[in-house]
1. Is it fair to say GLY135 is under 30 Å from LYS198 (Cα atoms), crowded, with 19+ Cβ neighbours inside 10 Å and either without any contact (Cβ under 8 Å) to a residue 12 or more places away in the chain or among the small types (Gly, Ala, Ser) (or both)?
2. In region 111-132, which residue that is away from the ligand (no atom under 16 Å from the Cβ) and part of a helix (DSSP H, G or I) is surrounded by the most Cβ atoms within 10 Å (Cβ to Cβ)?
3. Working only within region 173-218, note down all residues that are part of a loop (DSSP other than H, G, I, E, B) and touching a residue at least 40 places away in the same chain (Cβ under 8 Å).
4. Could you say which residue among GLY117, GLY94 is over 25 Å from ILE5 (Cβ atoms) and among the small types (Gly, Ala, Ser)?
5. Might you check whether a residue that is in contact with a Cys (Cβ under 7 Å, 6 or more places away or on another chain) and farther than 28 Å from ARG152 by Cβ occurs anywhere in region 54-74?
6. For ALA166, indicate whether it is surrounded by 14 or more Cβ atoms within 10 Å (Cβ to Cβ), assigned to a loop (DSSP other than H, G, I, E, B), without any contact (Cβ under 8 Å) to a residue 60 or more places away in the chain and not acidic (Asp, Glu).
7. I need the helices (runs of 4 or more DSSP H) fully contained in region 1-103, keeping only those with at least 3 residues that are more than 21 Å from LEU190 (Cα to Cα) and modelled with pLDDT of 95 or more.
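The values are calculated or read from the model by the stated rules, or taken from the named source; none is laboratory data. Worth saying up front: this structure is predicted, and the values here are computed from it rather than measured. For neighbour counting, all protein chains shown are included, and Cβ atoms are generated from backbone atoms with ideal geometry for every residue, glycine included.
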Amino acid sequence: MKFFIDTANLAQIKEAQELGVLDGVTTNPSLMAKEGITGKNNILKHYVDICNIVDGDVSAEVIATDFEGMVREGEELAELHNQIVVKIPMTKDGIKACKYFSDKGIRTNVTLVFSAGQALLAAKAGATYVSPFLGRLDDISTDGLQLIDDIRLIYDNYAYETQILAASIRHTMHVVNCAKIGADVMTGPLSSILGLLKHPLTDIGLEQFLADYAKGNK
Ligand code: E4P
């Protein structure tokens, strides 16, 4: 399973990268705004800064909602750095743009996916990644994990190469459950990755080992 971090915060991206388990980064306009990154030039520079920290794919989202605008923005984003993946919303024009980019060899991430049918369409259009939003479905009392499971089944039925990027991950158990289902990638906050480290028996066991060593090595 690939681990992506879902943030535009450079310090958190560095921390995850230094842990040695990071495979990429996803961003979105809200995450960029949260870091106070505004204005086209600053936003483009920020994507390059992110690419210079991580080794893997960096999703950069288009703002345009029409096909021509998405193509224009997406081509500009893709030219920024070879790690950039163009993130496109799950709309009619978005699917057309996805197919256009896929035909040109530009990698894509179809975002804001909330149904298996949308995921099927994204795969048909040649998306590199599809991003079902697990947490946001859970927020409205719908089973987000069931959606990941359904997409896995459909993609396996037809051997689609589109990777399932479980997005809107909120906590560590989302990560574990997505891994059990077979999501190819998860993207979540740093806390969802660091949470995987934790177990009280690990802490108790280590404390005991160190105490026993100290007793015998005074
Ligand atoms: C996906 O790429 C999105 O950036 C993200 O996972 C959305 O998560 P949220 O629902 O926590 O905002």
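1. no
2. Filtering region 111-132 for residues that are away from the ligand (no atom under 16 Å from the Cβ) and part of a helix (DSSP H, G or I), the one surrounded by the most Cβ atoms within 10 Å (Cβ to Cβ) comes out as ALA123.
3. ALA183, ASP184, PRO189
4. Numbers: GLY94 fails: over 25 Å from ILE5 (Cβ atoms).
Criteria check complete, one pass: GLY117.
5. no
6. Numbers: surrounded by 14 or more Cβ atoms within 10 Å (Cβ to Cβ): yes; assigned to a loop (DSSP other than H, G, I, E, B): no; without any contact (Cβ under 8 Å) to a residue 60 or more places away in the chain: yes; not acidic (Asp, Glu): yes.
So ALA166 does not fit the description; no.
7. In region 1-103, 40-53, 67-80 are the helices (runs of 4 or more DSSP H) which contain 3 or more residues that are more than 21 Å from LEU190 (Cα to Cα) and modelled with pLDDT of 95 or more.
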